[in-house]
Amino acid sequence: MKCKLAVYSLIVMTATHANGESKPWATLIITNAAVYTVDRQHPNAEAVAVIGDRIVAVGSRAEIDLWRGPQTQAIDAGGKLLLPGFNDAHVHFIQGGAQLDQVQLTEAAKPEEFARRIAAQVKKTPKGEWILGGRWDETKWPRPDLPDKNLVDPVSGEAPVFVERYDGHEALANSAAMKLAGVDAKTADVPGGVVVRDASGNPTGIFKDAAMALIYKAIPPMTHEQRLRATRAALKHAASLGVTSVQHMNPEFADVAVYSELAEKGELTTRIYAVPMETEWRDQAKVGIRHAWGSSYLRLGAVKGYADGSLGSRTAYMFEPFIDDPGNRGLLSDEMHPPGAMHDRLMQADAAGLQLRVHAIGDRAISMILDIFADIEKANGYHDQRFAIEHAQHMARKDFERFAKLHVIASMQPYHAIDDGRWAEARLGHDRARYSYAWRSFLDHGVMLAFGTDWPVAPLDPLQGLYAAVTRATLDGKNPGGWIPEEKITLPEAIEAYTMGAAFAEFQEHEKGSITPGKLADMVIMSDNIFDVKPEAIRNVKVRTTIVGGRVVYGEPANR
Ligand SMILES: [Zn+2]
C-alpha cells in the first residue's frame, strides 16, 4: 500500500491523542455504513476516514471515530451500502451529454410516434441546426422494418435530420440532410459501409457504418460552447448515477480540450481517461504521451480502433453468415481496409507506449485482432501493455485461451446482453450464440473483465449493468431464468468488473477501484443493499450519495 499521509500532514490539522501519538484528523468520515470494499484482504467494514482526496482508514466504527476532529465533516450512511465509485470502461461521454438534450426515439414504439417526436424537436431547434441523436430501435415496432426518408420528410421540411439507430451503426437522413451532403442516386458506395437504395437506386435515407460519413461530413463540428454544455450535462448525469470514473472511447481532441479546461477550473466531478482514435496515434506519441499519462482527473495515453460493426446492423464480422441473411458475414471497418494498415499503426502505437483498445464484436473480427495483438507481442515483447478488446461480444470457443494467454482485457457492457439477447439468436442461431457476452467463460479462463455501458448506446446507470450480469434476463421478459444462463456471473464478480477491473483497464488499480487506505476517496452510498435484495430488484436500486475525491458531488452534503 502506498502511504500518502506525508502530503496531507502539511495541510491538515493534527491532534495529539491520549496515547501521545500524533496523527492528522480526517476531513471526512463516513460512519454507520455497510462497507463492501472490493478489497479482497478486507472485504467488509463499518466506516471510512478520508483526508483531502484520499482514503486513510477503513474499519470499525470505533476505529474510525479516532480520526474525528473539530473540523471533520461526517456522513451518517444510515446503515446503507457503501461501495467504491463505479468506473465505466467504455463511454462516449460528450455524445452522451449532448444527447440528453436531443430527440429521444428509443422509446418510440411505432413509426408514427417516431415522426411525432421529430416534429416536436424541429419546432424547438434553432433554424439551420441539425436534428441529431435519436437512438431509434425499429425492433420495437409492430413491423420491424427500417425507417426511410418518407417517414420524416413531411414533418421536418428544410431542417436537416440525421438520427442514429441505438447501436450507432446505422442512421436515417431526411431529404434536406442528403441535399446538404450532396448525396443522391449517383453517390457511390463506400468500403465498410452501405447506402441503402430503393428499386430505382435512390438512397432511402438509411446509411450503414462507414457510409454514415457521407452525411456526417456535412454536419458542422460542435462548437466549444456546445461541447462545454454537453460535458457539464454528462458530469451531472454521471454523478447522479454513482459513476466516478469514465473511459471515453474515441473522443475528438476538441473534447479533450474541454476536459482540460474543466479540470483546470476544478469542475470535473468524474475522472476521465480519454482514448482517441488509433488513426491519430502519432498526435499522442509525438509529445511522448504513454499509457495513463496525466492527472487523477484527466488522463490520455491509449488509442481506440474499430475492427467491425455491430450485430444489430448485421455488420459484426463473423466466420459464418448470419442465419437471417445468408451470404452476409458482416463487414470489417474502414480502418481494416486493408487489415495490414491497422496492424502497422497498432504495432507502432504499442512501441510508443500507448495502450491499444480495439472494438471487435463478431467472432472473426475478434480473432483477427487477437492475431494482430499476438504479432505485436512477438515483435515488441510483453510489457504489461494491457491490450483490450472492446465489446468482445461473440466469441469463437477456440479463442478464449488465446485471449487469456495474451493478457487481453475483455471490456464489456452487460446491458447489451439483455438488450440484444431479445433477437441475437435470430441472427446467429442457438448454437452459435452460446459464447455471446460470455462473462463466465472469460473469468473461468482467467481473463480480466472491465465493465461499462457504451453510453449513450445503453443507459449509463451501473445498476442496470449489475442486474444484467447476474440475471441475463432479457428486456422483453422472455428469459426470466437468463439468456444463456451458463454465462451469468455473481454479484461480487460483477461489482469487481465495474470497479477494480475497469481501474485495471486504465492502469489505475493502485489508485482506485476499491475502498482501501491510500486510494482516491471515490465512493457511493446506495439506497438499498444490493446483496440483500432479489437479483431482479437490483435494477431498481438508486445511488443516494456520490463522493469523488472526498467531495460530495451528488446527494445530501456532509455535515459537522
Ligand atoms: Zn462505443
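The values are calculated or read from the model by the stated rules, or taken from the named source; none is laboratory data. Bear in mind the structure is a predicted one, so any value in this text is a computation, not a measurement. For neighbour counting, all protein chains shown are included, and Cβ atoms are generated from backbone atoms with ideal geometry for every residue, glycine included. Areas reflect the complete protein model, heavy atoms only, side chains present, ligands, DNA and RNA absent. Shrake-Rupley method; radii C 1.70, N 1.55, O 1.52, S 1.80 Å.
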### Options I366, I372: the member that is closer than 30 Å to L300 by Cβ, outside any loop (DSSP other than H, G, I, E, B) and either away from the ligand (no atom under 16 Å from the Cβ) or among the polar types (S, T, N, Q) (or both)
I372
#### Entry: The lone exception for D153 - which of (1) at pLDDT 95 or above; (2) open to solvent by less than 10 Å² (accessible area, probe 1.4 Å) it fails
(2)
### Message
Quick check on my filter: what residues within segment 114-134 are within 18 Å of P456 (Cα to Cα) and open to solvent by 20 Å² or more (accessible area, probe 1.4 Å)?
### Response
L132
### Task
Please enumerate the residues belonging to segment 437-468 that are hydroxyl-bearing (S, T, Y) and farther than 25 Å from Q355 by Cα.
Y467
### Task
Can you confirm whether segment 251-261 contains a residue that is farther than 26 Å from S310 by Cα, out of contact with any Asp or Glu (no Cβ under 8 Å at 6 or more places or on another chain), in contact (Cβ under 8 Å) with a residue 40 or more places away in the chain and surrounded by fewer than 22 Cβ atoms within 10 Å (Cβ to Cβ)?
yes
### Summary
Expected single match for within 14 Å of the ligand (Cβ to nearest atom) and either outside any loop (DSSP other than H, G, I, E, B) or farther than 30 Å from E138 by Cβ (or both) among H359, H343, H383, H407 is H359
### Query
Just a yes or no: is a residue in segment 227-250 of a type outside the set (D, E, K, R), free of Cβ contacts under 8 Å to residues at least 40 places away in the same chain and in contact with a helix residue (DSSP H, G or I) (Cβ under 6 Å, 6 or more places away or on another chain)?
yes
### Query
When only residues in segment 180-215 that are assigned to a helix (DSSP H, G or I) and within 19 Å of V152 (Cβ to Cβ) count, which is most open to solvent (accessible area, probe 1.4 Å)?
L180
### Task
Tally the residues that are in contact with a strand residue (DSSP E or B) (Cβ under 9 Å, 6 or more places away or on another chain) and on the phi > 0 side of the Ramachandran plot, restricting the search to segment 313-349.
2
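Conditions (1) out of contact with any Phe, Trp or Tyr (no Cβ under 9 Å at 6 or more places or on another chain); (2) open to solvent by 40 Å² or more (accessible area, probe 1.4 Å); (3) farther than 26 Å from F504 by Cα, marked per residue:
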residue: K217; (1), (2), (3): yes, yes, yes
residue: P221; (1), (2), (3): yes, yes, yes
residue: H224; (1), (2), (3): yes, yes, yes
residue: R232; (1), (2), (3): yes, yes, yes
residue: K236; (1), (2), (3): no, yes, no
residue: Q247; (1), (2), (3): no, no, no
residue: L268; (1), (2), (3): no, no, no
residue: E278; (1), (2), (3): no, no, no
## Note on the structure
Filtering segment 77-130 down to residues that are within 16 Å of the ligand (Cβ to nearest atom), part of a helix (DSSP H, G or I) and of a type in the set (A, V, I, L, M, F, W, C) yields F93, I94, A98
#### Entry: strands (runs of 3 or more DSSP E) enclosed by segment 439-552 - at least 3 residues per element that are surrounded by fewer than 17 Cβ atoms within 10 Å (Cβ to Cβ) and over 16 Å from the mean Cα position of the chain (by Cα)
none
## Note on the structure
Those residues of segment 338-374 that are among the polar types (S, T, N, Q) and buried (at least 22 other Cβ atoms within 10 Å of the Cβ) come to a total of 1
### Summary
So, first residue within 16 Å of P414 (Cα to Cα) in segment 378-392, second residue away from the ligand (no atom under 16 Å from the Cβ), Cβ within less than 6 Å, six or more apart or across chains; the pairs are I389/V408
### Task
Could you tell me which residue of segment 313-324 is nearest to R397 (Cα to Cα), considering only residues that are assigned to a loop (DSSP other than H, G, I, E, B) and open to solvent by less than 10 Å² (accessible area, probe 1.4 Å)?
M318
#### Entry: Boolean, A177 is over 30 Å from the mean Cα position of the chain (by Cα) and open to solvent by less than 70 Å² (accessible area, probe 1.4 Å)
no
### Message
For the structure I just gave you, tell me whether N150 is part of a strand (DSSP E or B) and either over 23 Å from R232 (Cα atoms) or touching a Phe, Trp or Tyr at 6+ places or on another chain (Cβ under 8 Å) (or both).
### Response
no
### Query
Here are some residues: A254, A234, A263. Which one is under 27 Å from Q413 (Cβ atoms), in contact with a Pro (Cβ under 9 Å, 6 or more places away or on another chain) and either of a type in the set (A, V, I, L, M) or not in a helix (DSSP H, G or I) (or both)?
A254
### Task
Scan segment 158-173 and give yes if some residue there is more than 27 Å from L332 (Cα to Cα), open to solvent by 10 Å² or more (accessible area, probe 1.4 Å) and assigned to a helix (DSSP H, G or I), otherwise no.
no
### Message
Given the condition charged (D, E, K, R) and touching a Gly at 6+ places or on another chain (Cβ under 6 Å), answer yes or no: does some residue in segment 415-438 qualify?
### Response
no
### Task
From E335, E377, E401, grab the single residue that is within 16 Å of the ligand (Cβ to nearest atom), surrounded by fewer than 23 Cβ atoms within 10 Å (Cβ to Cβ) and not hydrophobic (A, V, I, L, M, F, W, C).
E335
